[in-house]
Amino acid sequence: MKRDPEQIFDELLIIRCQERDDEAISLLWNRWHPRILKWSFGFLKNDDLASEVAQESWISIFKGIGKLKDPALFRFWAYKIVQRRSADYIRKVQRERELTTELEYEYRGTDEPSSRSEVELTLRAIKELPPMHQEMLRLFYLEKFTVKEIAKMTRLPVGTIKSRLFYSRQQLKNRLKEVSYE
């Protein structure tokens, strides 16, 4: 396989980046950021989200560049990181939608789907909750942790977690009732 001068230059930059050369890191970023951004946008179809995912990808790239054995594989390696970060973001959005739907069903006491405005209303109500309550709902419904797992992570008793989940649900229900009557 014949390599062109651009590929050779990139490989040299990678080697210098592995040696923690700040100038090489800056050059690599300037050369590759538009491509990384474009690749991310291809998955997310949103400029702001693509930019955010690209930044997260660069953090991973620079943290792991020292482990890259073959500098010629940088392009594939970097694109794979962006692809995984984009997929992670998409999964996160899907989990949030599932949480909203699940909480809404619990609030309404039904299994029938709700209108889009009710979903938006629920999302807004969750965002208005105190951070602790948002975290409890996120860990339990989105991340699908059990009460015991949450207790272990937070180093709190199981009873405290159950109580916090109960009050988080109650606050959400109360908030939704307030908003729906306005």
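For this structure, a couple of remarks:
- Whole-percent carbon and sulfur share, accessible surface of segment 1-109, 1.4 Å: 53 percent
- Given 67/148; 67/92; 127/162; 67/162; 80/173; 69/152, the pairs whose alpha carbons are separated by over 32 Å: 67/148; 67/162; 80/173; 69/152
- FRET efficiency, residue 26 to residue 179 (Cβ-Cβ, R0 45 Å, nearest 0.05): 0.40
- Computing Rg/Rh (Cα atoms, Kirkwood Rh) for the structure here picks out one of (1) 1.09; (2) 0.96; (3) 1.15, namely (3).
- Packing-based order for 11-18, 63-70, using average beta carbon neighbours within 10 Å, highest first: 11-18, 63-70
- Restriction of the trypsin sites (Lys or Arg not before Pro) in segment 151-182 to DSSP coil positions whose beta-carbon has at most 15 other beta-carbons within 10 angstrom yields 155.
The values are calculated or read from the model by the stated rules, or taken from the named source; none is laboratory data. Since the model is a prediction, treat every value here as computed from it, not as a measurement. All Cβ positions, glycine included, derive from the backbone under ideal geometry; neighbour counts span all protein chains shown. Just the protein is used for accessible areas: all its heavy atoms, side chains included, with ligands, DNA and RNA removed. Shrake-Rupley method; radii C 1.70, N 1.55, O 1.52, S 1.80 Å.
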